[in-house]
Every structure is written in C-alpha cells, then in structure tokens.
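Working notes, beginning with the structure itself.
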C-alpha cells in the first residue's frame, strides 16, 4: 500500500502563546503499526488530536487516509480513535456502550465486539465505571475495532495499565494489525499509537516516529532503522577520533566507550572496536538523548540522512 | 525531509452516506434518561400537588364565591388559598431555571470535563450532528413537558382570576402560563447548553446558567414586557380589573402635576383625602386633578404570550445554533 494514513506538512498547534507542536512534517505509510514516541510534552497527543479532527491546526496542514481532511465524514468513518485514559461513559454498561457506538457509526461489528468481550471476560451488563482500568481500556479498544476502521489511532493506550493489562492490550492491537495481512475478518487496519513507554515497543511496532520538542527526529521502518545502526564498543580514549561514520550518541564508561553510529553490518569496524546490532529501545533512547540528531527518510524513502543533520 | 507521494483519494469515500439522524434518538434517550427522569419527576410531583389542591380550590370557589366579590368568597376562598398560590407561583418561577441548570448545563460540560467528548466526537456521525440532534431532541421534549404542565397550572389559577385575586398579566403569573412557560423552559435549556460548552465544567456552568436565566427573566418582567405593544392611554377611572397599568400620573389644568408614587402624592392625599372614603384617584379628581394611565388591556394577554414565546424561541434557536457552531469549530 502506498497510501499515507497520516501526512503532515509544516503542521503547528499553538495553545495561547505556547507551541505544542511546531513545523511537523511527516508521512506515516499505511499497513504498519507505527509507534509515535517521544518525551512528555513532545506534542504526541497534539499531533494525534489534529489527525482525528479534535483540534484545528494553527499552522500548516494535515491529511489522513490518503488526503482526507481530518474530521470530515469520510475521515471519521475510517478512523477509530482511543484517547488517553480511554474515556468511556462510566454510567453505561458494556452492552450499552456497544449499542451506543453502533448507533453512532455506519458500520459496527456487533458479533466481533461481543465475542471479544466474552473472550476478555468482561460482563456485558457491568457498568463501564465498575470495570478495572485494563478492562476499560480493552472495552474502548474493542469499540474502536468493531467499527472496522482503516486506521486505528491510540493515544498513550497503555500508560495507565499494569504490565499484564498492557501485554493483553497490545496483543489485541497486534491481532487486529496482523489480520490485515489477510487472516481473520478485520482486514486493513493500520495502527498509529503514541507512547512514552519504550518497553515492548519492538514487539509491537514496525514503524517508528520519534517526536522531540514538537519536531520529528526519527522516522522509518523499524527493520531499516535497526539495520542501519550499530553499537560500537572500544577504548574510551579513542572515542573522539572515531568519525568515519556518523555518530548519533556517545556513552562513556571508565575504560570503554559505546558509540551508536549509523552503519550497516557490512561496514568495516576499526581495529580494537567491536560492533553489535542495536535494539529498538537502545536506539530510541540514544536519539532521545541527542535531540539534535535525526534519521529521516530521504527522497527515496531510504535509510540515508544528510550528514549535516547528524551531530557528533 | 520530503513528504511521501499522496495517492488519489479512494473512490469509496465519495458519496459516503451519513449516519441516519434517527439513531440519535436512542443515544440521547440512553445518555440523558436520568436528566429527563428528573424533569419528569419534578413536573410530575408538582402536577400531582397542583391537581389535588386545585380540586379543593375549584370546589371551594364554587361553594363560596357567588358572587365572586362577596365577603364569604374573600374569607372562605381567597383568605384560605392566597398563601398557597403565592408559594406555588414563586416556586414555579424556579422550574425553568432548574431544568436549564440540571438538564441543559451538564449536557456538554460533563463530556468536556470527563474527556468523553474525545470518544463521542470522533465517531462516524460527526460532532456537530451529534450535538444538534441531542440539543434539538431534548429542547423539544423539555419545552413540550413544560407547556403541558402549564396547562394544568392555568386550570389551577382560574378561580383566583375569577375571584379577582390575581390578573393574568401579573408579573409572577404571566411567565408561568402556557406559551411563555414552555418558551422560558426552552430558553433556560439553551442557555445551559451554551454555558456548558463555553465553561466546560459542570458546576460553574450550572451557576452561570442560574445567574443568566435569573437576569434575563428579571429584566424581561421589569423592563421589557410592557413594551411588547404600545400601551393605551386613558383618563377614565373605570378601567377593567384585567388591565395591566404600566404607568400612571396626575395632571392639573392640562399640565403634569403629580406622579402616582412618592412623597408628593402622599402629601397631596393627606392634604385632600385624609377623610375621604373614595379611592385616591376618585378623591383627587374631585379636587381638580386628572388621573392618567398607560395600560395594556387584558385582551392583549394572548398576543403578549405569543410575542414573549416568539422572541424566546428565536433566542433559543440562536443559542443552540451558537452552541453547535462552537462544537464544530472549537474542539480540544
């Protein structure tokens, strides 16, 4: 699929005199579970609110599902949004929430929703306010998926959940996203989720957008990003000399230094140094610690960066 | 960075049929049945009270008041029920305000306060349709309930009008009658909805609704209502009891002499009429003063009801439109 589920150009949002998001330009292609990562206050929620039509941009523009204006009937129809803290009507039962959501949408897969809740052990007659945090999140997610959206947007879905609930929630998301490849009946769900929790991200996301101070710092497919970065370990004294490949981040120990560099497995390793593959969490942390570094898809949607964008 | 190429808009998005309006009926009922139940309980309890006491009042009037001006009527009817009708009409003044505050104000304020608007406003139906459907449905229901209730109140009042204890134009009765009562309830609801959208918190929105409603009702009763139609001018002393005297004064020799209130008239009455058994106007006319009055004749009661109902309806439509416009524009 070549469609972009979210595409922003120079997007900015100001609340009063504070910019929550600034000059944000990004394109999230369809067919991924894309993780929007960044520290608190990076503008993740703002970006998602703009994409689902809950907020209007102060600058620039954003389109969804291949060019639709956010909040337009077609965009609302194709996007299901689960907001932070997964709001549900506390005084309504789970069954009422299903009925309500069915009435508010053109499509609603009642059978899927009921089966899903039964599987999760959520009683239909229980008030949403009486469910545990994890169950409320699962209920909100089930309502969203039963709408059969083309794009599922999740804002900090697991921030408030305990590890077990977090795992279960992500399993539901992954099952829905995997069904896209043809198995199951949900077909065609792209997922964009924001998170400041990095654990489990590697299991969940296959596309990463790192947002920092309202700007996009890293964007790309997880496999590409991991293949194009290496962790070099060598004598601390030589750390500063190493300049053959762009260095993203330097972590110094007493005797050894760890350099996260942009390099593939085929790139030569200097004598006295060892190269290791990096994990997504490690890579993300390195970029979060270096707000000036960037890894963005170039014209060919590749893994190159302009060297000028990389700090040492 | 370069943005990725933007593909053509998928075809199946064109000609998308919106979610049918009628689906909002269930949604509105399910989400607001507690508020509607509250309105029904309030009006229902009052209706039962008015019905039971009204039967006694009608019976008492029928036995004591022939003729209506008799002393028996004054003692056995007016004397007995004056207090209760006065309490009822003061209490009923609060009913539209309560409906506005507890059914209107939380409608959007609660969604905004608890964050559920992020759920509701991202559903396929779209947020302005969601808002418009809810507001219109609930507004029609509360206005109709209030209108039906005020028919009963009019029946309850009828003996007091007949006995000359109150006139339909009386400030604290006029706005409790059919058209006006429905319209005031509608306006209170619309004020509440807008206040909820603007303030975004339930309790402050309720307070603002009560304040705004009281201000509007007071300004209307004291300053606005008397100007709905140009008052008639008369110097005849035999004005029918149903007339609503808007202003009165005295002239002498064709010139303004006395206002109808204040120390001047008190002095004049003490001077000329301290031993007179006549009414002030009759007594003063014997001393060369002419009494003048601007008044609204009792026959204008229904035109006034419709005028008040009309502008309140227009105001309510405007407030609801403003609320929907705000929802459409000013989101998170």
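Here region B:231-271 is treated as an ellipsoid with the same Cα gyration tensor; its semi-axes, largest first and in whole Å, are 21, 13, 10. The long axis of helix B:301-329 is offset from the longest Cα principal axis of chain B by roughly 20 degrees. Against chain B, whose longest principal axis is taken from its Cα atoms, helix B:127-162 shows a tilt of about 20°.
Working note: Cα gyration tensor of region A:1-115, eigenvalues times five, square-rooted, sorted largest first, giving semi-axes of 28, 18, 13 Å. Given their separation in residues at 0.36 nm each and the Cα-Cα distance between them, residue B:317 and residue B:246 gain 22.5 nm when the chain is fully extended. For chain A, the calculated P(r) over all alpha carbon pairs, in 20 Å bins from 0 to the bin holding the longest distance, is 32, 52, 15, 1 percent.
Modelled this way, with points 7 Å down the Cα-to-C-beta line, the labels at residue A:110 and residue B:26 are 0.7 nm from one another. Inverting the pair-averaged 1/r between distinct Cα atoms of region A:131-180 gives 11.1 Å as its Kirkwood hydrodynamic radius. Compared with the dominant principal axis of the Cα atoms in chain B, helix B:202-219 is inclined by about 30°. Most tightly packed first, judged by the mean number of other beta-carbon atoms within 10 Å of their residues, the peptides B:215-222, A:98-105, A:274-281, B:320-327 read A:98-105, B:320-327, A:274-281, B:215-222.
Packing around the peptides A:148-154, B:73-79, B:296-302, taken as the average count of other Cβ atoms within 10 Å per residue, puts them in this order, highest first: A:148-154, B:73-79, B:296-302.
Listing B:272, B:91, B:149 from fewest to most neighbouring C-beta atoms within 10 Å gives B:91, B:272, B:149. Hydrodynamic radius of region B:47-175 by the Kirkwood approach over all distinct alpha-carbon pairs: 17.6 Å.
Under the classification rounded if a/c is under 1.5, otherwise prolate if a/b is larger than b/c and oblate if not, where does region B:105-148 fall, given a ≥ b ≥ c as square roots of the Cα gyration tensor eigenvalues? Note, shape of region B:105-148 comes out oblate.
Placing pseudo-labels 7 Å out from each Cα toward the beta carbon at residue B:148 and residue B:214 gives an inter-label distance of 3.1 nm.
Here the calculated FRET efficiency for residue A:196 and residue A:164, from their Cβ-Cβ distance with R0 = 22 Å, stands at 0.65, rounded to the nearest 0.05. Taking only the Cα atoms of region B:244-296, the ratio Rg/Rh comes out at 0.95, with Rh defined as the Kirkwood radius. Rounded to two decimals, the Cα-based Rg/Rh of chain B, with Kirkwood Rh, is 1.14. Placing a label point 7 Å from the Cα of residue B:162 along the Cα-to-Cβ direction, the residues of region B:68-92 whose backbone N falls under 18 Å from that point are B:68-82, B:85.
When DSSP beta bridges are limited to those with both residues in the protein assembly as shown, what percentage is antiparallel, rounded to the nearest 5?
Details: 52 of 71 bridges.
Roughly 75 percent of the beta bridges in the protein assembly as shown run antiparallel, per DSSP.
If you take all C-alpha pairs in the protein assembly as shown, what percent of them are over 44 Å apart? Result: 44 percent of Cα pairs exceed 44 Å.
Quotient of the Cα radius of gyration of region A:61-108 and 2.2 N^0.38 Å, N being its number of residues: 1.38.
Computed from the coordinates by the stated procedures, all read-outs in this text should not be read as laboratory data. What you are looking at is a predicted structure, and each value in this text was computed from that prediction instead of being measured. Methodologically, a virtual Cβ is constructed for each residue, glycine included, from the backbone with ideal geometry; neighbour enumeration extends over all protein chains shown.
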